[in-house]
Each structure stands twice: as structure tokens, then as C-alpha cells.
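Trainee: Take a look at the following structure, please.
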Amino acid sequence: MSIPLLAGAALSVLLGLAHSYLGERYILIPLFRDVLPGRRTSMKRTLRFAWHITSVLAFGFAGIFWAIASPGTEVARTTLVIIAVTFVVCGVVALVGSRGRHLSWIVFFAIAALTLFAAR
């Protein structure tokens, strides 16, 4: 086990949690209330899901750090699966967050499928 990589994984998880929670509390909610009041809901949804995708990517990196640090794992395949799952989650966040209007979810799912195909 690589202690530096496991520490990097733990810090990546903490970063993702802090980014989503603190960003929602201190940036997005005040932004929507004070700067973008009213009915600009599609813009607000887009900003919100784009913000949280950054956190999802931090969790994906944590998984990659963990996979590389773990002895006895098939690192390349495990890393590809983690990348694919990360892109699936990004796709779900974009699809649900935009109610299907922001088409990035199609690209996220395509990347996930191609990555899983490469991992087989």
C-alpha cells in the first residue's frame, strides 16, 4: 500500500465533499439569490450541475489513487472501470440536473461506454 497515494485519495474525497457543500452554501445559493434572482432556472440548473461535476471528478481521482495504491489489483483495468463509472455519474448529474436539456450527458455516457469497451 502506498501511503502517499492513499492520503491523496482521502484528500480528494474531502476536496469533493468540501467543494460541493461549501460551494452550494457560500457560492451558488448566494449567487442565485443575489445576482440571478427570478426565473432563470435553466441557467441555475446548468451552473449547479457543472459545479457538482467537479466534485464527482475529485471522487473519481480518489478511486484512481486508491486503485494504484492497492497491491494485487489489475491497475490498468481497475483504473479504466473507475474512469468509466466517474463519467457515468457525471452523465447522470448532467441528465438529471438539466432535465436532459444540456446535452453533455450524451458525451459523458459515450466516454463511459468507450472506456468500458477498452477495459474488457
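Trainee: Would you compute the Debye intensity of the range 54-116 from its alpha-carbon atoms alone, equal scatterers and no solvent, and pass along log10 I(q)/I(0) at q = 0.21 Å⁻¹ to two decimals?
Mentor: Summing over Cα pairs of the range 54-116 leads to -0.77.
Trainee: Also, quick follow-up: Pop out the ³J(HN,Hα) list for the range 35-40 in order, Karplus 6.51 cos²θ - 1.76 cosθ + 1.60 with θ = phi - 60°, rounded to Hz; leave Gly and Pro as x.
Mentor: Whole-Hz 3J(HN,Hα) from phi for the range 35-40: 9, 10, x, x, 9, 8.
Trainee: If you roll a 1.4 Å probe over the chain with all protein chains in place, what percent of the accessible area is carbon or sulfur? Numbers along the way, then the final one.
Mentor: Numbers: 5480 of 7380 Å².
Taking all protein chains in place, the chain shows 74 percent carbon and sulfur surface.
Trainee: Residue-wise, which Karplus ³J(HN,Hα) couplings in Hz belong to the range 44-61, taking 6.51 cos²θ - 1.76 cosθ + 1.60, θ = phi - 60°, and x for glycine or proline?
Mentor: With coefficients 6.51, -1.76 and 1.60, one gets 5, 4, 4, 4, 5, 5, 5, 4, 6, 4, 4, 5, 4, 5, 5, 5, x, 4 Hz.
Trainee: Another question about this same structure. Using all C-alpha to C-alpha distances in the range 31-73, build P(r) with 10 Å bins and read off the rounded percent in each one.
Mentor: Cα pair-distance distribution for the range 31-73, in percent: 25, 29, 20, 15, 9, 1.
Trainee: A follow-up question, please. Determine the principal axes of the Cα atoms in the range 1-55, then give the extent along each, sorted from largest to smallest and rounded to whole angstroms.
Mentor: 51, 18, 9
Trainee: Can you compute 3J(HN,Hα) from phi for each residue in the range 18-26, using the Karplus curve 6.51 cos²θ - 1.76 cosθ + 1.60 with θ = phi - 60°, rounded to whole Hz and x for Gly and Pro?
Mentor: 5, 4, 5, 5, 5, x, 4, 6, 9
Trainee: In Å², and per residue, what accessible area does the chain have when probed at 1.4 Å with the other protein chains present? Please report the intermediate quantities before stating the final value.
Mentor: Details: 7380 Å² over 120 residues.
Dividing the accessible area of the chain by its residue count gives 61 Å².
Trainee: Kindly provide the helix-only [θ] at 222 nm of the chain, computed as the sum of -39,500 (n - 2.57) over DSSP H runs of four or more divided by all residues, to the nearest 500 deg cm²/dmol? Don't skip to the answer; put the middle values down first.
Mentor: Details: 4 runs with 90 residues, N = 120.
Helices in the chain give a 222 nm mean residue ellipticity of -26000 deg cm²/dmol.
Trainee: Enter the Cα centre distance for the pair the range 97-120 and the range 1-55, rounded to the nearest angstrom.
Mentor: 20 Å
Trainee: Over every pair of different alpha-carbon atoms in the chain, take the mean of 1/r and invert it; report that Kirkwood radius in Å. Mind showing how you got there, number by number?
Mentor: Values: mean 1/r = 0.0646 Å⁻¹.
Value: 15.5 Å, from the Cα pair sum.
The values are calculated or read from the model by the stated rules, or taken from the named source; none is laboratory data. Nothing here was measured: the structure is a model prediction, and the numbers come from that model. Just the protein is used for accessible areas: all its heavy atoms, side chains included, with ligands, DNA and RNA removed. Shrake-Rupley method; radii C 1.70, N 1.55, O 1.52, S 1.80 Å.
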